[in-house]
Each structure stands twice: as structure tokens, then as C-alpha cells.
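Inspection log for the structure reproduced underneath, given as C-alpha cells.
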Amino acid sequence: MKDVEIVLATGNPGKVREIEEILKPFGLDLLPLPRLPRVKAPKETGKTFEENARIKAVFYARHFQKPALADDSGLEVEYLGGGPGIYSSRFAGFQATDEDRNRKLLTLLKGVPFSQRRAAFTCVAVLVTPEGKEFKTEGQLEGYIATRPAGDQGFGYDPVFFLPEYDKTTAELGKQKNKISHRYRAFRAMGELLAREGF
């Protein structure tokens with residue numbers, strides 16, 4: 001299956017850069033959605049990260065008749081019963097900015113002691129071929145929710161996701177984040193899996 005083009009099913013510029021960097025060593029020929037004819041994205045009606053990633057991968061694999069690689073990821077906060085979870089991107093409304101989402105999260109956790117602010121970033125990656133063959137990998141990064149945002153080198157919830165072992169948020173880690181993130185772990189595992197499968 002060498003030289004096959006793989007649709008990278010995201011239009012998020014931050015995610016495209018991050019995923020391309022992670023998968024670079026595997027020599028995959030990735031086609032991010034912005035480089036393809038525009039198509040209306042499928043509704044993410046799944047109840048888990050895996051279901052939502054699969055919905056996107058299946059849709060784009062069928063539409064473009066090429067293998068499609070999608071992920072779904074989000075922030076799970078213990079104090080919020082695992083929320084926002086699959087609703088991470090629309091946590092503060094569909095038109096909300098990263099700052100809006102982080103502000104809402106910090107407001108909900110106001111006064112909650114650090115020990116109860118445990119959280120995890122989770123990412124599930126799914127690749128589906130036009131014939132329906134499927135590959136799945138997962139990655140997780142555990143940490144805590146900070147009491148205020150810090151750092152400007154990430155996106156999403158990075159400014160409020162604090163890692164005690166680094167004494168920094170993931171938005172303060174810079175390129176170092178790409179070697180430990182939930183997305184790195186999921187896509188690194190996917191790259192290794194696809195290499196074994198001859199992609």
C-alpha cells in the first residue's frame with residue numbers, strides 16, 4: 001500500500017501541523033481536508049471519542065475513496081464527572097473561542113482544591129480504508145486543571161492543563177508537548193501500526 005494518499009480528516013490548522021509533525025518519520029502521504037474539495041462534515045453523533053473518530057473516518061474514506069485518518073479528542077475532568085469529554089470543542093457553545101471554553105472551565109472549578117482538579121486529555125485515532133478495513137489507536141495525558149491560564153504555545157485547553165512533573169501547562173511546553181501529548185501517543189502508535197501494515 002506504499003505511496004497511497006491518506007485523507008487527514010481535520011481542518012483545524014493547529015491539529016494539522018501537530019499531526020503532520022508526529023507522522024513525519026513514517027513517510028505517509030497525508031492530504032489534510034483544506035487541500036481537498038470542500039465537503040460538508042458529517043455530524044458527530046457518537047457517544048465516545050472512538051465512535052466520533054470512526055464516523056469521520058468512514059465518511060471521508062467513502063467520499064474520497066481513499067484511506068481516511070480521523071481522531072476525536074477532548075478533556076476529561078474528574079470533578080466534572082468526565083466532562084466536557086466529547087463535548088470539549090462545543091463546551092461553551094458552537095461559536096465559542098478557546099478563551100471562552102477555558103474561562104467557562106475555570107469558572108466551574110472556582111474554589112475547587114488542586115487535589116480535586118485531576119484531568120486527562122484523551123485522543124482516539126481511527127483509520128478506515130474505502131474497503132472498510134479499520135485501525136484504531138489511543139493516547140492519554142494525565143494532569144490537573146490550573147487555576148489560571150498560562151502560556152501561548154498551544155491551543156484549545158493547553159493554557160489551563162497543568163503537568164506537575166514539568167511545573168508548566170502544556171501551552172508553556174512548546175515543542176516538548178508534541179513528544180508527550182495524548183495526540184502524540186495516539187498518532188505515534190498509529191504511525192507504527194500503519195508501517196507494520198505496509199502503508
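Taking Cα pairs under 8 Å and at least six residues apart, what relative contact order does segment 1-81 come out at, in percent?
Numbers: 88 pairs, mean separation 29.2, N = 81.
About 36 percent, as a whole number.
Which of these, Leu30, Leu80, Leu69, has the largest mean-square fluctuation under a Gaussian network model of the chain (Cα springs below 10 Å)?
Fluctuation is largest for Leu80.
For segment 107-199, take the convex hull of the Cα atoms, compute a quarter of its surface area, and give me that in nm², please.
Value for segment 107-199: 7.5 nm².
So how far apart, in nm, are the two label points at Ala189 and Arg103 if each is 7 Å from Cα heading toward Cβ?
3.6 nm
Taking 25 Å as R0, compute the FRET efficiency from the Cβ-Cβ separation of Glu131 and Arg17 and round it to 0.05.
0.25
How are the alpha carbon pair distances in the chain distributed across 10 Å bins from zero to the largest one, expressed in percent?
That works out to 9, 36, 34, 17, 4, 0, in percent per bin.
Please list 3J(HN,Hα) in residue order for segment 179-190, calculated via the Karplus relation 6.51 cos²θ - 1.76 cosθ + 1.60 where θ = phi - 60°; whole Hz, with x for glycine and proline.
In residue order, the calculated couplings are 9, 10, 5, 4, 5, 4, 5, 5, 7, 4, 5, 5 Hz.
In the chain, once you exclude exposed trypsin sites (Lys or Arg not before Pro) (DSSP loop, at most 15 other Cβ within 10 angstrom), what's the longest stretch remaining?
Answer from the scan: 134-199.
Please state the relative contact order of the chain as a whole percent: Cα pairs under 8 Å, 6+ residues apart?
21 percent
If you rank Phe135, Phe155 by fewest surrounding Cβ atoms within 10 Å, what's the result? Mind dumping the intermediate values first?
Values: Phe135 19, Phe155 16.
Taking fewest neighbouring Cβ atoms as first place, the list is Phe155, Phe135.
Go ahead and set up a Gaussian network model of the chain, Cα springs under 10 Å, then flag whichever of Glu134, Glu165, Glu99 fluctuates most.
Maximum fluctuation in the GNM of the chain, among the listed residues, is at Glu165.
Let's test the formula: R0 of 45 Å, r as the Cβ-Cβ distance of Thr48 and Asp167. What FRET efficiency results, to the nearest 0.05? Let's see the in-between values first.
Values: r = 32 Å, r/R0 = 0.72.
Approximately 0.90, to the nearest 0.05.
For segment 131-143, what does the Karplus curve 6.51 cos²θ - 1.76 cosθ + 1.60, with θ = phi - 60°, yield as ³J(HN,Hα) per residue in whole Hz, taken in order and with x for Gly and Pro?
So the Karplus estimates, Gly and Pro as x, are 7, x, 6, 10, 10, 9, 9, 9, x, 9, 10, 9, x Hz.
Every number here is computed from the coordinates shown, using simple stated rules; none is lab data. Computed from a predicted structure; not experimentally measured. For neighbour counting, all protein chains shown are included, and Cβ atoms are generated from backbone atoms with ideal geometry for every residue, glycine included.
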